[in-house]
Amino acid sequence: MSKAKFAGLGCAGLGLIGVAVIAIIIAINAYSWYNNAIGLKENVQAQWANVESSYQRRADLIPNIVATAKKYAEFEQETLTQVIEARAKATSINVDASNLTSEQIQEFSQAQGAVSSGLGRLLATYENYPDLKANENFLELINELERTENRINTERNRYNGDVKAYNAHIGMIPGRFYASWFGFTGSPYFQAEAGSETAPVVEDLFD
């Protein structure tokens with residue numbers, strides 16, 4: 001464009017062109033940010049499903065553990081009842097992965113913590129029953145429980161890692177502004193109940 005044409009545009013015209021260029025740059029940047037935010041949020045939701053799946057695996061093991069134990073020992077009925085009731089409450093809690101809140105995760109964590117506590121008390125009673133400890137089926141169930149507890153810890157850590165990446169993306173400038181425009185909100189971290197972040201140690205039961 002010649003100098004004459006630039007001059008003909010005037011300050012107002014040049015200003016409009018500048019505003020248009022800036023608007024295009026912001027639009028492109030916002031589009032890229034939005035797509036990344038969607039991907040990061042999907043990661044959080046998918047990883048939460050993995051957390052739930054690992055806890056469900058533990059819940060699936062409990063009936064078999066209890067049933068096997070009943071065949072070899074006369075347990076304190078209160079201990080068995082507490083584990084069964086804690087499992088029932090934990091599996092009844094539904095968390096909406098697309099709308100995770102701190103309250104939902106806290107409720108879920110508390111329920112799972114009660115299961116961990118009940119399992120701990122249940123495992124402690126096995127020391128008094130050598131025949132049960134020597135049972136191969138029971139041993140495999142306990143080994144699977146230990147592997148599942150380790151998996152739970154791994155999946156929780158991965159979930160918190162995905163939450164950290166997502167929250168950073170929507171919390172740092174310019175993401176903070178884009179997040180308010182597009183309606184993105186932060187996801188809560190999984191904070192386990194005290195003591196439940198450590199997988200139960202079951203090896204000592206078979207010394």
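The values are calculated or read from the model by the stated rules, or taken from the named source; none is laboratory data. This is a predicted model, so every value here is computed, not measured. Cβ coordinates were reconstructed from backbone atoms using ideal geometry, including for glycine residues, and neighbour counts include every protein chain displayed. Note: accessible area is taken over every heavy atom of the protein model, side chains too, but ligands, DNA and RNA are not part of it. Shrake-Rupley method; radii C 1.70, N 1.55, O 1.52, S 1.80 Å.
Please report, to one decimal in angstroms, the Kirkwood hydrodynamic radius of region 50-178 built from all distinct Cα-Cα pairs. Write down the numbers at each step before the final one.
Values: mean 1/r = 0.0605 Å⁻¹.
In region 50-178 this quantity evaluates to 16.5 Å.
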Inter-label distance, nm, simple model (7 Å from Cα along the C-beta direction), S32/T81: 6.3
Simple label model, 7 Å out from Cα along Cβ direction - N99 to R147, nm: 3.8
Whole-Hz couplings from phi, Karplus 6.51/-1.76/1.60, listed for region 179-185; x for Gly and Pro: 4, 5, 5, 9, x, 7, 10
Stokes-Einstein diffusion coefficient of region 36-115, Kirkwood radius over Cα pairs, 25 °C, 0.890 mPa s, in µm²/s: 172
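Heavy-atom accessible area per residue, region 39-168, 1.4 Å probe: how many Å²? Can you show the working numbers first?
Numbers: 6510 Å² over 130 residues.
Here the residues of region 39-168 average 50 Å² of exposed surface.
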Estimated FRET transfer efficiency (A59, K164; beta-carbon r; R0 30 Å; 0.05): 0.65
Selected from T101, S53, T81, residue furthest toward positive end of dipole (region 41-103; charges at beta carbon): S53
Whole-percent carbon and sulfur share, accessible surface of region 26-125, 1.4 Å: 47
